[in-house]
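The values are calculated or read from the model by the stated rules, or taken from the named source; none is laboratory data. This one's a predicted model, so the numbers in the text were calculated from it and none came from an experiment. We place every Cβ from the backbone using ideal geometry, glycine too, and count neighbours over all the protein chains shown.
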Amino acid sequence: MQAHSLQIIRDWRDLPEALRGAAVALGNFDGVHLGHAHVLRAVHAARPGAKLAVLTFEPHPRELFRPEDPAFRLTLSAERAEALAALNVQIVYELPFDRAFSLLSAEAFVDDVLRRGVGAAHLACGPDFAFGHRRGGDVGFLATRAEALGIGLTIVPPLADAQGTISSTRIRRLLQDGYPERAAAELGRPWAVRGPVTHGEKRGRTIGFPTANVPLGRHLEPARGVYAVWARLADGTMVPGVANIGRRPTVNQGTESRLEAHLFDYDGDLYGQEIAVALHAFLRAERKFGSFDELRTQIVADADQARVLLATLDPAAPRSA
């Protein structure tokens, strides 16, 4: 199923019947990883004749309650929807999570949103799913209310491997520790930063390495350093390259981290385009160089290493850890 067949619905009230009666998976779905795919398979198996749907929130509740926290998102709204569409999800109920919604009681969430609103035929979630004001509802409460309302419910046990439960938290830690290939194995695809190409200081072009600058924004900041990457341009073209994530200590004393990608053998104008830069391998940690010449020599070495590595990789496939 292609992404264009996915419908994103941002209000649960007064829905047409065609958007009701789905088999609905509940959760934040940050990253849309293998554990999330496991929940989707379970809810589809329970009601294979119903449309497959996800009910999630935007922004992530943690962004509302703890706005001072560092950015932590693996996927923002558009990326999440695209990943869900690739898993055959047909409807995403992406409910705006604001102060008013956060005050909704657990009972009102089940009765008003899940039953009267989306008219769920069947629900699925993990055992830790909590909802309602002050997280007043848990899976026990959900099971009791769903049974009373005649809604099916599947509590899906976590998907685990030899290291434990596959989770968004674990994937964030892998990225922050510099293991994008291991994160990709748990996501089911390489992790990418997606955003508009913005103007930088244009220093890269003065040493023969023009870069596309993509702000990290609300994305998690992975380990600072240099990566072998594939960039997907707005028209779908895939271009290999090398990218630096960090504060560029040789040329910049600022505090804002960004992603700067040099795309191999590409000379088009990308300013304003939205691109997705997928991290395939961590090459080295960020460090400060004594001069531009020293920096340029290292960038040449980084680019050569990335070219060799990427020549053996399928840009769409996760590498085994």
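Pull up the range 190-218, narrow it to residues that are part of a loop (DSSP other than H, G, I, E, B) and modelled with pLDDT of 90 or more, then point me to the one that is surrounded by the most Cβ atoms within 10 Å (Cβ to Cβ).
Ranking the qualifying residues of the range 190-218, first place goes to Trp191.
Hand me the list of strands (runs of 3 or more DSSP E) wholly inside the range 74-189 holding 2 or more residues that are surrounded by fewer than 19 Cβ atoms within 10 Å (Cβ to Cβ).
152-155
Which residue pairs have Cβ atoms closer than 7 Å, lie 6 or more positions apart in sequence or on different chains, and pair a first residue in the range 152-167 that is touching a residue at least 24 places away in the same chain (Cβ under 8 Å) and under 20 Å from Ala45 (Cα atoms) with a second residue that is surrounded by fewer than 12 Cβ atoms within 10 Å (Cβ to Cβ) and of a type outside the set (D, E, K, R)?
Partner pairs satisfying both residue conditions: Ile155/Pro127; Pro157/Pro127.
Which members of the range 284-308 meet the condition of being at pLDDT 95 or above and surrounded by 15 or more Cβ atoms within 10 Å (Cβ to Cβ)?
Asp302, Ala303, Gln305, Ala306, Arg307
Those residues that are free of Cβ contacts under 8 Å to residues at least 24 places away in the same chain and either of a type in the set (Gly, Ala, Ser) or not assigned by TED's automatic domain parsing to the domain that holds Arg115 (or both), I need them from the range 128-146; list them, please.
Of everything in the range 128-146, those that are free of Cβ contacts under 8 Å to residues at least 24 places away in the same chain and either of a type in the set (Gly, Ala, Ser) or not assigned by TED's automatic domain parsing to the domain that holds Arg115 (or both) turn out to be Ala130, Gly140, Ala143.
Can you confirm whether Arg319 is out of contact with any Lys or Arg (no Cβ under 6 Å at 6 or more places or on another chain) and modelled with pLDDT under 95?
yes
For the range 1-36, what are the residues that are modelled with pLDDT of 95 or more, outside any loop (DSSP other than H, G, I, E, B), under 23 Å from the mean Cα position of the chain (by Cα) and surrounded by fewer than 19 Cβ atoms within 10 Å (Cβ to Cβ)?
Scanning the range 1-36 gives Gln7, Ile8, Ile9, Leu34.
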